[in-house]
Amino acid sequence: MSIECKIEDGGKRLVIVVQGRFDFSQHKSFRDAYRDQTGQVKEYVVDLTQASYLDSSALGMLLLLRERAGDENAKVVIKGATSEVRRVLDIANFGRLFTIV
Amino acid sequence: MQDKTTQSADSSDNAPRGTAMIVDDEATNRRLLGAVLVREGFHCLHAADGEEALAIFEQQTPDIIFMDVMMPGIDGYETTRRIRKALGGRFIPIIFLTALSDEQSLVRCIEAGGDDFISKPFNLAILKARIASMERVRDLYRHLEAQHVELSRRYSNEQQEQALAERIFSHVVGTRNAAIESLGFLQRAADTFCGDLILTARLPDGGLRVLFADFTGHGLAAAIGAMPVAEIFHAMTAKGADDLLLLSELNRKLYTLLPADRFMAACLVSIPASLQELHLWNGGMPPVLLRNSEGIQEFNAKALPLGILSDPPEQEGLVRVKLKGNECLLLMSDGVLEATNARNELFVDTGFDALKTTLCTQDILLTPLIQALDQHCGDTVQTDDITALEIPITEELVHISADADTTHGMQAPRTSPSLGRWQWSLELCDGYLGAMSSVQGALGSLKLLDGLEPHIGALEIIISELYTNALEHGILGLDSSIKSTSNGFELYYSERSRRLQKGIKGCVFIELIYEAQPDEGGSVKIKLRDSGPGFAVTNSGFPPQNNLPPDAKRPWGRGITLVRSLCESIRYNDQGNEVEAVYRW
């Protein structure tokens, strides 16, 4: 599975792990990961440690998550992005929209 | 004789399992099988030989066929072969009924195109079971065929939509671009067409503005966004809107139009006609490269792409770069950096750094880029659009005394100015000092510039330069000599912002007087007066006296030199806070 999720901190944190290529083919799986959350989640963490590639459709998916989190007053953190993935996030200046660690 | 007809006791309404065709030269056999099939829910068609079977088959398509092997005339094998051929890719189960029991005959049945065979006399239970099995296979085929038809239809629709998007892109979006021959351009689309956008327009003063953009998505999705962007870009540039205003409007439009996951990464470059500086804004695009006499300067994206946040782009994202001459700009889409080779390595990680070093000493940047890219990619098929634009910053970019068309970027009807005169004046004070619009912006809608299109560029340059001097030197008291030091340029403009924001007291008065002259001539007298203290004659930086030669060591004086070359005369009063210039044709 390229997208896995884990619930932590008693339901307050949802970690979405993306493996391999983060592109349009992940669209549905990525959305399914957070779609059914009932508003308990206060922090979404997108774990890109194992992601090898990120394109503009992935940036779009992150924006959708951000919109959702905004509706619920939750925070979105992007963690573990390395080299190629980090480069794409930096060029797009997504550090202004997300906490990137 | 009844047996030879195709009629049977029941009609198709009572035949839930469809129509069966029985081909057998023995009437008894036909009757027997017919009775069984009718009980099973079939409507039966009878044929006494192969010819008749083919004739019936031409009229109706049965859902299942029972074929005898030994018949006079064309035998069962041949009849089956012909039926199969006529069916093409469609499928109807054909079950052979044969008294033959030898292995070879049975194999021949299948080779001729039969799907199964049952020995005569047949076992009822086995017959029913085999019919059911054949129907399952047939239904599967039908389902597959229906899906195929649907898929073909949708694919064909999508091809049509792509063709439409391509047409819109090239005809609606591209045709209003100002044609500038010195620009170098590379475009390799990954799909049927490229989603990257390049727009060019003349600034009111004859300079150049370029928008280089990349939408998320391809095809029709990108084309939809490109249309309003092109409209806004051309309309606002023609009206003299400044960079930040244009970017704000583009952002606002895209924010409203596009869904949350779609946006437009873009670079905006404005090069005023004086070629003294350029303005650059990079929102989410790869670094813009500027090759000057010292090497390569990179301008990374400092701003977010457009259409993501409702907030307008910030002043900080707009970079002003001093130009000294001999510069060349290179813009690239992310498809260039992410171009892959056979080992799945990206261009940015392999040949890009070497390319930058090479470019330091090149006049033309696009050719070495293409070479490096081709060397890297080889035969590997690329999945993203590759677009690059080269802007050599030379006199060729500027088009001052132009035809009506290039100034507006559109085909505009040529009108003649009316005979007579008009006088227009404006005074901007205190907080409104920064608000000077272009002449086109101020007077265009009053129709006072109709027929004067060839001269609007020159007028823009003159008024912009004189106003800038009045504001920056006369009122804000900025010292131009700051601009000559290495980071002085940035210092100068940030100080300018600071002083404007702090709130300054002062006025600039502008007056334009147009008078038609005989033989389609005309003149515009331009007067500016600022409330500043003026300048002592001994001030070495500014103002230039009427008879001082232009000084190459003072590049900030280049603007006034240009103005002087355009005007018939230009005079300052003794105090230095009032200037009158005359432009005549």
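Observations on the structure shown:
- Test: residue in region B:179-202 that is closer than 29 Å to B:GLY444 by Cβ, open to solvent by 40 Å² or more (accessible area, probe 1.4 Å) and more than 12 Å from the chain's Cα centre (by Cα): yes
- Residue in region B:395-414 that is modelled with pLDDT of 85 or more and not in a helix (DSSP H, G or I) present: yes
- Within region B:215-231, residues that are away from chain A (no Cβ under 14 Å) reach partners that are surrounded by fewer than 19 Cβ atoms within 10 Å (Cβ to Cβ) and not in a helix (DSSP H, G or I) with beta carbons closer than 9 Å, at six or more positions or on different chains, in the pairs B:ALA230/B:GLY174; B:ALA230/B:ASN177.
- The listed residue being open to solvent by less than 40 Å² (accessible area, probe 1.4 Å), modelled with pLDDT of 90 or more and in contact with a Cys (Cβ under 7 Å, 6 or more places away or on another chain), out of B:LEU369, B:LEU373, B:LEU389, B:LEU365: B:LEU365
- Among residues of region B:487-506, those that are open to solvent by less than 90 Å² (accessible area, probe 1.4 Å), part of a helix (DSSP H, G or I) and touching a residue at least 24 places away in the same chain (Cβ under 8 Å), counted: 5
- The single condition among (1) without any contact (Cβ under 8 Å) to a residue 24 or more places away in the chain; (2) within 14 Å of chain B (Cβ to nearest Cβ) that A:VAL88 does not satisfy is (1).
- Residue in region A:62-82 that is least open to solvent (accessible area, probe 1.4 Å), counting only those that are within 8 Å of another protein chain (Cβ to nearest Cβ) and either in contact with a Lys or Arg (Cβ under 9 Å, 6 or more places away or on another chain) or closer than 30 Å to B:THR350 by Cα (or both): A:LEU63
- Selection from region B:290-303 of residues that are open to solvent by less than 20 Å² (accessible area, probe 1.4 Å) and either within 14 Å of chain A (Cβ to nearest Cβ) or polar (S, T, N, Q) (or both): B:ALA301, B:ALA303
- In region B:462-480, the residues that are more than 14 Å from B:LEU528 (Cβ to Cβ) and of a type in the set (A, V, I, L, M, F, W, C): B:LEU476, B:LEU478
- Every test in (1) within 13 Å of chain B (Cβ to nearest Cβ); (2) aromatic (Phe, Trp, Tyr); (3) surrounded by fewer than 21 Cβ atoms within 10 Å (Cβ to Cβ); (4) in contact with a Phe, Trp or Tyr (Cβ under 9 Å, 6 or more places away or on another chain) is passed by A:PHE30 save one, and that test is (3).
- Meets criteria (within 19 Å of B:ASP384 (Cβ to Cβ) and of a type in the set (Val, Ile, Thr)) for B:ILE224: no
- Pick from region B:253-283, criterion touching a residue at least 24 places away in the same chain (Cβ under 8 Å) and among the small types (Gly, Ala, Ser), ranking: surrounded by the fewest Cβ atoms within 10 Å (Cβ to Cβ): B:SER274
- Residues in region B:507-546 that are open to solvent by 70 Å² or more (accessible area, probe 1.4 Å), of a type in the set (Asp, Glu) and modelled with pLDDT of 85 or more: B:GLU515 only.
- Of all residues in region B:38-66, exactly one satisfies the criterion of being in contact (Cβ under 8 Å) with a residue 60 or more places away in the chain and more than 14 Å from B:ILE92 (Cα to Cα), namely B:GLU40.
- Residue within region A:44-52 that is closer than 30 Å to B:VAL348 by Cα, in contact with an Asp or Glu (Cβ under 8 Å, 6 or more places away or on another chain) and open to solvent by less than 10 Å² (accessible area, probe 1.4 Å) present: no
- Residue pairs whose Cβ atoms lie under 9 Å apart, sitting 6 or more positions apart in sequence or on different chains, and linking a residue in region B:106-118 that is over 11 Å from B:ARG84 (Cβ atoms) to a partner that is surrounded by fewer than 17 Cβ atoms within 10 Å (Cβ to Cβ) and of a type in the set (S, T, N, Q), are B:LEU106/B:SER119; B:ASP116/B:SER133; B:PHE117/B:SER105.
- From the list B:GLU150, B:GLU158, B:GLU181, B:GLU145, the lone residue that is in a helix (DSSP H, G or I) and touching a residue at least 12 places away in the same chain (Cβ under 8 Å) is B:GLU145.
- Candidate set from region A:91-100 (those that are outside any loop (DSSP other than H, G, I, E, B) and without any contact (Cβ under 8 Å) to a residue 12 or more places away in the chain); member that is nearest to B:ALA266 (Cα to Cα): A:ILE91
- Which numbered condition A:ASN93 fails, given (1) within 12 Å of chain B (Cβ to nearest Cβ); (2) surrounded by fewer than 19 Cβ atoms within 10 Å (Cβ to Cβ); (3) of a type outside the set (Ser, Thr, Tyr): (2)
- Within region B:448-496, being over 38 Å from the mean Cα position of the chain (by Cα) and among the aliphatic types (A, V, I, L, M) holds for B:LEU466, B:ALA470, B:LEU471, B:ILE475, B:LEU476, B:LEU478, B:ILE482.
- Residues of region B:87-98 include at least one that is on the phi < 0 side of the Ramachandran plot and loosely packed, with under 14 Cβ neighbours inside 10 Å.
- Filtered residues of region A:89-101 (kept if of a type in the set (A, V, I, L, M) and within 14 Å of the chain's Cα centre (by Cα)): A:LEU89, A:LEU97, A:ILE100, A:VAL101
- The combined condition, being under 30 Å from B:PHE299 (Cβ atoms), buried (at least 17 other Cβ atoms within 10 Å of the Cβ) and modelled with pLDDT of 90 or more, is not fulfilled by A:VAL15.
- A search for C-beta distances below 6 Å between a residue of region B:307-326 that is on the phi > 0 side of the Ramachandran plot and any residue that is surrounded by fewer than 19 Cβ atoms within 10 Å (Cβ to Cβ) and assigned to a loop (DSSP other than H, G, I, E, B), counting only pairs 6+ apart in sequence or on different chains, returns B:ASN326/B:SER293.
- Count - residues of region B:325-360 that are part of a helix (DSSP H, G or I), more than 14 Å from chain A (Cβ to nearest Cβ) and open to solvent by 20 Å² or more (accessible area, probe 1.4 Å): 4
- When each of A:SER25, A:SER57 is tested for being touching an Asp or Glu at 6+ places or on another chain (Cβ under 8 Å), assigned to a helix (DSSP H, G or I) and within 14 Å of chain B (Cβ to nearest Cβ), the lone residue that passes is A:SER57.
The values are calculated or read from the model by the stated rules, or taken from the named source; none is laboratory data. Everything quoted here is computed from the prediction, not taken from an experiment. With ideal geometry, Cβ positions are generated from the backbone for all residues, glycine too; neighbour counts draw on all protein chains shown. Side chains included, ligands, DNA and RNA excluded: accessible areas come from the protein's heavy atoms. Shrake-Rupley method; radii C 1.70, N 1.55, O 1.52, S 1.80 Å.
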